[in-house]
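Scroll down for the structure; my scribbles are underneath it.
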Amino acid sequence: MSFDQSNAPFMERLVFNNRLAVVIIFSLVSLFLGYQALQVRPDTSFAKMIPLEHPYIVNMLEHQNDLANLGNSIRIAVAIEDGDIFSTEYMETLKQINDEVFFLPGVDRSNLRSLWTPNVRWTEVTEYGFDGGPVTNHPSYTNEEDLEELRANVLKSGEIGRLVANNFKSSIIEVPLQEFYPNPDNQSELLRLDYKQFSHLLEEKIRDRFQSENPNIKIHIVGFAKKVGDLIDGLIGVVGFFGIAFVITFVLLYMFTWCIRSTVSVLVTTVIAVIWQLGLINLVGFGLDPYSMLVPFLIFAIGISHGVQKINGIALQSGGADNALVAARLTFRQLFLPGMIAILADAVGFITLLVIKIDVIHELAIGASIGVAVIVFTNLIMLPVTISYLGISKKAVERSKRDAVREHPFWRFLSNVAHPNVAPWMVIVALVAGTTCFVYQKNNIKVGDLDAGAPELRPDSRYNKDNDFIIQNYTTSSDILVVMVATPPEKCSAYETMEAIDQLQWKMQNLEGVQSAVSLVTVAKQVIMGSNEGNLKWQGLSRNQDVLNNAISRAPSGMFNAACSLAPVMVFLDDHKADTLKRATAAVEEFAAEYNTDDMEFKLAAGNAGIEAATNEIISSSELLILVLVYIWVGVMCMITFRSLPATICIVLPLILTSVLGNALMAFLGIGMKVATLPVIALGVGIGVDYGIYIYSRLESFLRQGMPLQEAYYETLRSTGKAVLFTGLCLAIGVATWIFSAIKFQADMGLMLTFMFLVNMIGAMLLLPALARFLINPEKVRKSSGSKLSH
Amino acid sequence: MREPTRWRTQTTQLAFAIGQRAQFRKQSFAARVLKAAGLGALLMTASITPALAADTVAEAPKPAIMSDLASHSLLLDVASAGDRLVAVGSRGHIVYSDDQGASWTQAQSPVRQLLTAVYFADASHGWAVGHDGVILHSSDAGASWELQYRDPALDEAADPDGPGLLERPLMDVWFRDANTGFAFGAYGTYLRTDDAGKTWEDLSFDIDNPDGFHYNAVTAVQGTGLFLVGEMGTMYRSPDFGDSWETLQSSPYDGTWFGTAGTGLEGQVVVWGLRGNMYRSADFGDSWEQVELHTPNNGPLEATLLGGNLSADGSLSVVGAGGVVVTSTDHGKTFNVAVRPDRVALATAKRLPDGELVLVGQQGVVKAAANGLPENQ
């Protein structure tokens, strides 16, 4: 072999002198991790999506068993288009649906409620006391007389707005679910409710079947189980996006290289990186949730971009080198270190996400860090080795040879940004844009989810349309903040407790954004009034303990626990905007500070609004921390690499501008600061810094050769500009497909990341050289000892 | 004799095992029927553990909280103080309006208890009564209030082992002049003052009511005397406007009466109560004839009638559960029945000089057209 190895670094000798061993080891590892990757399962555990360490959530989990009945049920609204519910047609259909639902797996049959179940009753006060009966007391409703009786019973039932729509054109089947239910074939065995299967059963056996049987019937389904089912379906849909990203990348890659061999090599090694990553997260014990689902996309995009840098380098080297092996070795020598540094920057950017105390984000951070680490092996080592065997097509080599000498008008034009007359304008434009957007986002950005309905899904998704239907036709809100009132056992009905709860309810009801508040006090007052012949003048709490005990004994289950040591107060909110939540939780905390005693404690918070309030607090407190950590880290990385403060500023300032523009875009598009947008900060900056590192390292090397700034920048663009452009495009395409995800926060993440990747690239290409005009002294660079990346 | 279900707690001190409470919650319909038949007391569980250690039965009164929604939550009575309207209700709320009910201001109130009735002896002096036996007084037409009286049992030393407190809310109040007035309440409570409320004397034994039935409403019948009605068909009259009371045995109905009013004619009185029952007497209660009330669908009215008033122009307006408003312009001979579409329970009604009605009830105060329906219909 004629190649001179004497000055080759150790890593290069290790890899390229044992090429066959490297290929065999990589193949074996790929086989093993590929097998592991096949075991990865979708995993949508509720607990992982909430900030478990937040005091609200700690309180909620402490009382989880006592609150069990508040959560897991679905509501099926059966609506009739033409006519009203008091018709034979409607009642017969409702009965069939009711029976069908009854036999679905996981349904808590004893607590099923609908017009057809005997537990839905009417009551009235008569001279003889309470009178009552089931609302439906005929096996079928075929004549006007019976239907008239039904109408009267419904009016007396107090279910209007709850089980029966305000306009009498729909009614609800309330279906409580059991997370674990006995196997029908083997009663001693407990099965876990499969949300995906259950959601599909609802579609097939209920919605599709009855809507097609009778076009006059429309069915709307809401509830946690349905939402999770839809989320899982959306998750599976995302897999299809991977295919789309793959095809687009293939086409672009081919256009970039004009070499099918290197195109396939890059794609294959990158897919191997994804397979390794999936295999490794399975080994670590993680599943794929809606957040970590996005990691393979990121890894794919980052892998491709590193692969492109490699191919670009090898093609350039091939012009002067004897053969593919030498070209690969030279490229390896030149790009291994900057590649490592860029990947290290990515990985640490991801690791800063660990400050967010939410499990899905932890898994995302760890999964993504593992993924980028894998790229070191696949795209920095495996890819050059592969190319050293396969070589690059003649056509591609010819092209890069031509490119190396010919004049590029576009790059020439672009290099003007470093011109002394243009650079100040670039900086001024950036400053103006930066300050304007900073002020705009400061005033307009909101924390939390801003759309109505289930924030995980799109506002126009079927689930959210169903949710809208129920909100519009029933007197209920889907945003519930639950305050837990904890007392010693048997004290939940003490007058002092009840009186304080009543005050809390009243305080909350007077709060802007609160629709109503309900607790055992609400029920107790009604029962005390009912026990006094319905006289409104008795609708108050009694100081007599026996009266109170009797009164709450009629409360529905879930209003207090079996030990009478916990009573939830349900506060129904207008929406789940951060301001509304903040106002509500602040009011409760103020009340708790005044009323909490040793025997009575008002604790926040459960209910979806309670969880969101906790999440919002975590987001607000984490956002700044993540930004500071990411920028400190990126700054340190640049300082180590270039040993120059001006260089660091040149690289970091465009990133900060992008972050500000990104926030302004979020404010403009009405995307709230939420769990899903926090990773964007870390990912956007961590990956965005790659461009700056690549561009500056080349710029520095040309400056060192004695070129003036603008000329050095032109040479930088000519050698690496195309690769940088292409990298930005690859990253953007990898994440842009998420914009079409059925899951709202994935779409938001996709949009924001696409924006961040593209703007970071533009910032690095336009602003970095303009800043260099002011900050970098070419003379000093030439005389300096040179950075780690000098060649 | 049929006995309505009343949860008279002084007779139900039966301490059951705690676990039975949960069982009670899920009791069958049969159990409810039993209870309705009067056996309820036996089924009830009772825990007589004292709520919290305290020196007295009840804490010192705390002033009502000023709230934006005070005029939109439960209100039970409304009265005129000159041109001003004053309404009272839940959590000690007192609200007043100087523009005939268009807008309402919350007054300072010294208590948080449910207030049940309000009466003004003249344009500026008024009294409000309510739970805990509270009596409040205002001498500035309802803008500010002071506490004159509350159930003395509340200030006694608490006895953790004794029977629970018997709740005796006051239900109605009437003043003969600015000094002499009467308050009536649950379990036969009857109080009198002759010094504008500075002192109140418990005269419960002056009225013949051995079973301690609740008094629900009192009214002055033009030129004739006072008429008092209550639980289980009880009726009393006082020809000398409160100095002596006579028990009437002529009650045509043994369900509860919730309200009574004169008709504007001497000796004429109307009473009403459970299940749409209404009777009229032309001889101060000696004899009665039923007033037939029919819903707009022409069925018999079955909704409970709660409160009502005779207005200065001689028209009667009575309201009740389910948003029912019944009005009469012929001294109570015939009534028009309206059912408000929101079906919100109403406590009482007052006709304004322009003929419109002010209704108070479950959702606070609302103005209505002369027939009781929403104004825009």
If you go through A:689, A:724, the only one that is under 27 Å from residue A:316 (Cα atoms) and either under 26 Å from the mean Cα position of the chain (by Cα) or surrounded by fewer than 24 Cβ atoms within 10 Å (Cβ to Cβ) (or both) is A:689
Pairing a residue in the range B:317-346 that is not assigned by TED's automatic domain parsing to the domain that holds residue B:269 with any residue that is polar (S, T, N, Q) and surrounded by fewer than 20 Cβ atoms within 10 Å (Cβ to Cβ), where Cβ atoms lie under 7 Å and the two sit 6 or more apart in sequence or on different chains, gives none
Expected single match for small (Gly, Ala, Ser), assigned to a loop (DSSP other than H, G, I, E, B), touching a residue at least 40 places away in the same chain (Cβ under 8 Å) and in the same structural domain as residue A:88 (by TED's automatic domain parsing) among A:171, A:140 is A:140
Flagged in the range B:247-263 as assigned to a strand (DSSP E or B) and either surrounded by 16 or more Cβ atoms within 10 Å (Cβ to Cβ) or within 14 Å of chain A (Cβ to nearest Cβ) (or both), in numbering order, are B:257, B:258, B:259, B:260, B:261, B:262
Checked the range A:510-526 for anything surrounded by 23 or more Cβ atoms within 10 Å (Cβ to Cβ) and either at pLDDT below 85 or part of a loop (DSSP other than H, G, I, E, B) (or both); matches are A:519
Got at least one residue in the range A:618-629 being of a type in the set (A, V, I, L, M) and not in a helix (DSSP H, G or I)?
no
*asked:* Based on this model, can you work out whether residue A:587 counts as of a type in the set (A, V, I, L, M), more than 36 Å from the chain's Cα centre (by Cα) and part of a helix (DSSP H, G or I)?
replied: no
When the range B:264-281 is checked residue by residue, the ones that are within 14 Å of chain A (Cβ to nearest Cβ) and of a type outside the set (A, V, I, L, M, F, W, C) are B:273, B:275, B:276, B:277
Checking A:651, A:671, A:656 in turn, the sole residue that is surrounded by fewer than 22 Cβ atoms within 10 Å (Cβ to Cβ) and aliphatic (A, V, I, L, M) turns out to be A:656
Inside the range A:501-518, the number of residues satisfying the requirement of being away from chain B (no Cβ under 11 Å) and either within 15 Å of residue A:601 (Cβ to Cβ) or without any contact (Cβ under 8 Å) to a residue 24 or more places away in the chain (or both) is 2
Does residue A:567 satisfy being among the aliphatic types (A, V, I, L, M), under 30 Å from residue B:231 (Cβ atoms) and surrounded by 23 or more Cβ atoms within 10 Å (Cβ to Cβ)?
no
Flagged in the range A:582-615 as within 26 Å of residue A:494 (Cα to Cα) and of a type in the set (Ser, Thr, Tyr), in numbering order, are A:585, A:595, A:597
Residue A:664 vs (1) surrounded by 24 or more Cβ atoms within 10 Å (Cβ to Cβ); (2) of a type in the set (A, V, I, L, M); (3) in a helix (DSSP H, G or I): all pass except (1)
Among B:154, B:147, B:114, the single one that is in contact with a strand residue (DSSP E or B) (Cβ under 8 Å, 6 or more places away or on another chain), surrounded by fewer than 24 Cβ atoms within 10 Å (Cβ to Cβ) and within 12 Å of chain A (Cβ to nearest Cβ) is B:154
>> Looking at the range B:282-294, can you tell me whether even one residue there is within 14 Å of chain A (Cβ to nearest Cβ) and either touching a Gly at 6+ places or on another chain (Cβ under 6 Å) or over 20 Å from residue B:358 (Cβ atoms) (or both)?
In response: no
Per the filter on the range A:533-553, residues in a loop (DSSP other than H, G, I, E, B), within 7 Å of chain B (Cβ to nearest Cβ) and either out of contact with any strand residue (DSSP E or B) (no Cβ under 6 Å at 6 or more places or on another chain) or without any contact (Cβ under 8 Å) to a residue 12 or more places away in the chain (or both) are A:535, A:539, A:540, A:542, A:543, A:544, A:553
Listed by first then second residue, the pairs whose first member lies in the range A:412-423 and is modelled with pLDDT under 85, whose partner is among the basic types (Lys, Arg) and assigned to a helix (DSSP H, G or I), with beta carbons under 7 Å and at least 6 positions apart or on separate chains, are A:418/A:773
Do we find that residue A:136 is buried (at least 20 other Cβ atoms within 10 Å of the Cβ), more than 38 Å from the chain's Cα centre (by Cα) and among the polar types (S, T, N, Q) in this structure? yes
Among residues of the range A:388-410 being over 13 Å from residue A:257 (Cα atoms) and in contact with a Ser or Thr (Cβ under 9 Å, 6 or more places away or on another chain), the residue modelled with the highest pLDDT is A:390
The condition of being among the charged types (D, E, K, R), in the same structural domain as residue A:210 (by TED's automatic domain parsing) and part of a helix (DSSP H, G or I) holds, among A:189, A:145, only for A:145
Being free of Cβ contacts under 8 Å to residues at least 12 places away in the same chain, more than 14 Å from chain A (Cβ to nearest Cβ) and of a type in the set (A, V, I, L, M, F, W, C) narrows B:205, B:182 down to just B:205
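The values are calculated or read from the model by the stated rules, or taken from the named source; none is laboratory data. Small disclaimer: the values here were computed from a predicted structure and weren't measured. Note that each Cβ is placed from the backbone with ideal geometry, even for glycine, and that neighbours are counted across all protein chains shown.
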